[in-house]
Amino acid sequence: MRNEYPIIVDWVKERSTVIDLGCGDGTLLQMLKEKGVAGFGIEKDKKLVETCTDKGLSVKEGLIDKIQDSTYHNEFDYAICNVTLSVVEHPKVLLDEMFRISENQIISFPNFAKWQNRLELLFKGRMPQWMLCGYKWYSTGQLHQLSIKDFEEYIKDKEIVKKKFLPNRILPNLTAYTAIYWIR
């Protein structure tokens, strides 16, 4: 289980509706379902969609960073994008769609401004490996590295309901490896 799952589950109110964009194997959707949340997921990997449906979850195959039809206009209480923002081709489209289809957005992402990344780039002169989970620059899905400051600048016109950084320390843009935001 990912470290941000309990935080996200805690933030989502019981008996609400959720769309999980890039839901992976459905673990987060399953946890939300057990809390009494009606969830729906979109995932691009066909095998992961099958894994979700085998668990009895409502998931469809699709890309989350393409403009969707107007079917879901403000239909969900929450749109969740968990650690997927940096791997989509069009993050602005994804965020705009999240704002369109739900009142609340919960977004988590790896913070590429963490001090280990800065040092590796500065002293080794190469793309940091620390946040790429063992991948090399050419084999990772990371397309858009962003920092906490980058994200907060982008959402400056939105209301931040809550935010949490893992680990929860001072100077999160320098020390946190994951940022989690609840915005609307």
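What to note about this one:
- The angle between the Cα long axis of helix 91-101 and the longest principal axis of the Cα atoms of the chain comes to about 30 degrees, rounded to the nearest 10.
- Seen through its C-alpha gyration tensor, with square-root eigenvalues sorted a ≥ b ≥ c, the stretch 1-107 comes out rounded because a/c lies under 1.5.
- Here W115, W182 are placed in order of increasing Cβ neighbour count within 10 Å, fewest first, which gives W115, W182.
- Using a Förster distance of 22 Å, the FRET efficiency for E34-N3 (Cβ separation, nearest 0.05): 0.75
- Descending by average beta-carbon neighbour count within 10 Å, the peptides 28-39, 157-168 line up as 28-39, 157-168, the highest first.
- Cα Rg, Dmax, the chain, angstrom units: 16.3, 50
- ³J(HN,Hα) computed for each position of the stretch 167-181 - Karplus, 6.51 cos²θ - 1.76 cosθ + 1.60, integer Hz, glycine/proline x: x, 7, 10, 6, 6, x, 5, 9, 10, 7, 9, 9, 10, 10, 10
Read-outs: derived from the displayed coordinates by stated rules, not from any lab. It should be emphasised that the depicted structure is a prediction, and the values quoted were computed from it without experimental measurement. Using ideal geometry, Cβ is built from the backbone for each residue, glycine included, and neighbour counts are taken over all protein chains shown.
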